[in-house]
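The values are calculated or read from the model by the stated rules, or taken from the named source; none is laboratory data. The structure presented is a predicted model; accordingly, all values stated were derived computationally and were not measured. We place every Cβ from the backbone using ideal geometry, glycine too, and count neighbours over all the protein chains shown. Each accessible area value is taken on the protein alone, full model and side chains, heavy atoms only, with ligands, DNA and RNA left out. Shrake-Rupley method; radii C 1.70, N 1.55, O 1.52, S 1.80 Å.
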Amino acid sequence: MVTTPITIVDPLTFEVRLPWSEFASNLRIVGGYGKPAQTGTALLAHEFDNGLQARMLLRPGAYPTSVEVTDSLGNREEDHNISIISGSLWVTVDTTGVHHLGATDVRLDRLLEPWDARTATWALASESGGVQVPWSEPGGGAVERLRRLSWLPQGRDEILIGIDSVDVALLGDETVSERGLMVSIDNPGKLLHVPRVRMEVHVVPSINEDSTLVVPVDVTDLTYVYTPLAPPPSDIHLRAGGAPAWRSLFTFALPPSLPATGQVCVRTTCPVALTSARVNHASILLTTRPTDQAAFAPVDTMGVEVRGVLAPELLPKSPVTGPLFVDSLGLPSGTAVPAEAFRPGASRVVEVPITPIVRSLLAGASFRGFRPTPTVALMQLREPTSFGFASFVGPGQAGEPVLRLVLTISDPIGLP
């Protein structure tokens, strides 16, 4: 009978925290990723904070060509002979992001110049193939004024703007490239975040002319144009998010070993060799800081993550790796940071896991599909998703980024 030797292993687990200077260098803050149209939201502002001006541009999709109605006998029938007599635009306001009290004057204008929702900016109506077409006037060009109304933040969170028959007909002509609406506000010092916009048309069927039906219409193009753009950080700190989005890029320089004392050195050889097999968990600890300007402060939870930069020599246009972590639905998970963490006096420490990146760097080979790359990007999850951006304390300051490592060393302590 052959006896199999049994090795008894006594694992040792401990935590190490490295300051920025001992694991990272070459910090760069780079902006310009994505467009406001990709956020699916909008922004309205007039001379807010640093003079921010922002206007919402939108274009409706195809109008209905028929509706289902009930005839005089109670039968359901598709009516193709309908009349569209008016419309409505519903603008939802995030009341948690309202920075002021009192009434806000909201204005609806009809655009009179061709524009492209994907590339429009405050200065440009469109940009394609390197060809830039400026507005005749910055901020949307020439417009025809349609409506103006007053909205109170103490009331409902939706602004209802009526559209008459003439204007709703002009907006429905899909052969006209300039068709579209602009929503803006007139009061200096005010800002509104708009998470949702919906449109509807009011239809009179021929089968029952005494009735009016409300039919939703898709808003196929939605964006906002604004000025001025957020400036680069005025001091050394990290930034992620916004629209266009910012990324904080830096390079890892992991030490080959870690100093240790006390019980760690009693149990294993010191300094402790830093290897991929010993890393149970790795993360970056970041301290939130107030956003430089109130206009760019987040109004909702910010999701941030770290990804590897695949081709640093191509920066700022380098591709990045896929998400390091996903949830049960296979969606990027990231680290959620509440908006209040970026307000004055509310700083907190948040942890951004990066275990696959550290393990791949230490192994010098791909780890679970993540190829080793010493350059990484702190970025917003699913960028760009919001106008506001996250800010974190930079290196060399109290609360600077820290690399947290949880290591486990298994040493055999006995043989049969």
Task: P(r) histogram, all alpha-carbon pairs of the chain included - 10 Å bins from 0, percent - done: 4, 18, 23, 19, 15, 10, 6, 3, 2, 0
Task: Largest-first ordering by accessible area, 1.4 Å probe, given options 320, 272 - done: 320, 272
Open item on the list: Counting heavy atoms of the protein chains only and a 1.4 Å probe, report the per residue accessible area for the chain as a whole number of Å².
Closed with: 47
- [ ] Scan the range 112-179 for GluC sites (Glu not before Pro) in coil per DSSP, keeping those whose Cβ has at most 16 other Cβ atoms within 10 Å, and list them by number.
- [x] 174, 178
Task: Estimated distance in nm for a label pair at residue 229 and residue 165, the labels positioned 7 Å out from Cα along Cα-to-Cβ - done: 4.7
TODO: Please identify, among 193, 46, 80, the residue showing maximal mean-square fluctuation in a Gaussian network model of the chain using a 10 angstrom Cα cutoff.
DONE: 80
Task: Per-residue HN-Hα couplings for the range 54-66 [Karplus 6.51, -1.76, 1.60; θ = phi - 60°; Hz; x = Gly/Pro] - done: 8, 9, 9, 10, 8, 9, x, x, 5, 6, x, 9, 7
Task: GNM flexibility winner over the chain from 39, 261, 227 (Cα, springs under 10 Å) - done: 261
TODO: At 1.4 Å probe size, with no ligands or nucleic acids counted, give the accessible surface of residue 94 in Å², nearest ten.
DONE: 40
Task: Convex hull per residue volume in Å³, alpha carbons only, for the range 157-240 - done: 184
Task: In nm, spacing of pseudo-spin labels at residue 257 and residue 208 (7 Å Cα→C-beta vector) - done: 8.6
Task: Most fluctuating residue given options 313, 351, 400, as computed from a GNM of the chain linking Cα atoms under 10 Å - done: 313
TODO: Select from the range 116-186 those trypsin sites (Lys or Arg not before Pro) which occupy a DSSP coil region and have at most 15 other Cβ atoms within 10 Å, ordered by residue number.
DONE: 118, 156
- [ ] Would you please give the FRET efficiency between residue 173 and residue 406, computed as 1/(1 + (r/R0)^6) with r the Cβ-Cβ distance and R0 = 56 Å, to the nearest 0.05?
- [x] 0.35
Open item on the list: Distance between the C-alpha centers of the range 231-296 and the range 362-390? Whole Å please.
Closed with: 13
Open item on the list: What does the C-alpha gyration tensor say about the overall shape of the range 52-227? Classify as rounded when a/c is under 1.5, otherwise prolate if a/b is larger than b/c, or oblate.
Closed with: oblate
TODO: Report, by chain and number, residues whose modeled amide H sits under 5 Å from the one on residue 180, excluding near sequence neighbours (fewer than 5 apart, same chain).
DONE: 111
Task: Sum of -39500 (n - 2.57) over DSSP H runs of 4+, divided by residues of the chain (222 nm, nearest 500) - done: -1500 deg cm²/dmol
TODO: Over the range 52-227, with every protein chain in place, what whole percent of the accessible area is carbon and sulfur at 1.4 Å, could you tell me?
DONE: 49
Task: Other-chain or far-sequence residues with amide H under 5 Å of residue 354's (modelled H) - done: 282, 283, 284
Task: Spin-label pair residue 326/residue 119, simplified geometry with 7 Å Cα→Cβ offset, distance in nm - done: 3.3
Open item on the list: Taking amide H atoms as placed 1.01 Å from N in the peptide plane, list the residues 5 or more away in sequence, or in a different chain, whose amide H sits under 5 Å from that of residue 260.
Closed with: 272
